[in-house]
Structures are given as C-alpha cells and as structure tokens.
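The values are calculated or read from the model by the stated rules, or taken from the named source; none is laboratory data. Quantities reported herein were computed from a predicted structural model and do not represent experimental measurements. Counting neighbours? That spans all protein chains shown, and the Cβs are built from the backbone with ideal geometry, glycine included.
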Amino acid sequence: MRSHAESVYLQVWLSDIGIVAMVGLLTAWSMAFGVWHMLALYVAPLCVTNMWLVLYTWLQHTDVCVLPFSLLSFLSLFRVFFLSKQVAMEW
C-alpha cells in the first residue's frame, strides 16, 4: 500500500506526462494541418468554453436570489464529495 506522499508524487508525474503528451499532439497537429487550423478547432472553443464558465460562475455568485451555503450544508457536501472518495479508495 502506498503512502499519501507517494500517491501524490505519482499523480504529479502522470500529470506532467499528460501535459507533455498534449503539447506534443498539438504541435504535431499544427505541423500537419497548420497553426490556424489548430487554433480554430482547439484553442478558440477552449477559450469560449472557459469564458462561458467564468461568466456563468460570476453571475451565480453575484445574483442576490442565489443564497450562499450555510455551514451545515457546506459540511454535508464536503463529506459527500471528499470523504466518500477516500472510503472508496480504501475499499
């Protein structure tokens, strides 16, 4: 069984490998079809999606009709999202 530090270390390396692989794929795509093709079909939709998510989140957080979480509801969500995964990983 791995310790938490070893698990995090492995996850960081896997993430780094994934980033390098994605940069390599985007570079190969750019070399095969051109930079503008890659920008139009990958970067532009990525930027539009990220802008939409930021705008949607900003509107949700600034709307006076949307009530903030109480401490009790936040803790129950925290339990569901984080503690249940820990139990599932140990199982």
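Assorted remarks:
- Filter result for Leu67 (at negative phi and either assigned to a helix (DSSP H, G or I) or at pLDDT 95 or above (or both)): no
- On the stretch given as segment 3-31, residues that are in contact with a Phe, Trp or Tyr (Cβ under 8 Å, 6 or more places away or on another chain) and part of a loop (DSSP other than H, G, I, E, B) total 0.
Per-residue answers, yes or no, for (1) surrounded by 10 or more Cβ atoms within 10 Å (Cβ to Cβ); (2) more than 19 Å from the chain's Cα centre (by Cα):
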| residue | (1), (2) |
| --- | --- |
| His4 | no, yes |
| Tyr9 | yes, no |
| Val23 | yes, no |
| Ala28 | yes, yes |
| Met31 | yes, yes |
| Leu39 | yes, yes |
| Thr62 | no, yes |
| Cys65 | no, yes |
